[in-house]
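The structure under discussion appears below in the form of C-alpha cells.
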Amino acid sequence: IQAKDIYAASLNKKRKETNRIGMLDKLRICFTLRENPLATSGPKEVFMRVIRPDSLVISSSPDNLFEYKGNRIIYSASREVDYMNQDIEMCIFLDNTGDFIIGNYSVELYLDDSIIGRTNFMLSKR
C-alpha cells in the first residue's frame, strides 16, 4: 500500500494555513492510501514521523514507538484506518507543543513495516 497526494499544512488557531512559526497551532498531513488488491483489508495503523531541520523527530511521548525493519523507532502521531483495498483519503494531525523550529521539515508515513510516502514543508519566522 502506498500513499499519494501527500499534503502538509501548518495551521493557525483559526485552522487557516500559515508557514509562520509564531502562528502555528497544528500540523495537518493529508494523503490518499492507494488501492491495492493484493494487500489484506482490515484495520491498519499509519505512523507519521515529523523530522525537524536538525534531524530530531517531534513526538509527544518517548513511548511513541513502532516496529520498522526490526527496530523500534519513534513516531510523531498515528491514525488507524479500516482499509478496504480501495483508495481512502485521510489526515493525521499533530499539535504544536513548542518543539517546532524555523526551517525545512520532512514528513514520513509508514504502514506495515514499509515507508509509504514522504513530503516536506517549511516554517519561517514571518
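Any of Lys16/Lys44; Lys14/Lys44; Lys4/Lys44 with alpha carbons more than 21 Å apart? Name them for me. Check vs 21 Å cut-off fails for Lys16/Lys44; Lys14/Lys44.
Using Cα pairs under 8 angstrom and six or more residues apart, how large is the relative contact order of the chain, in percent?
Working: 299 pairs, mean separation 41.0, N = 126.
Relative contact order of the chain: 33 percent.
In straight-distance terms, cross-link reach from Lys125 covers every one of the aspartates and glutamates whose alpha-carbon lies under 19 Å from its own, apart from those fewer than eight places away in the same chain; here that gives Glu17, Asp25, Asp54, Asp95, Asp99.
Bear in mind that the values in this text are calculations on the coordinates, not laboratory data. All figures in this text were calculated on a predicted structure; none of them were measured in a lab.
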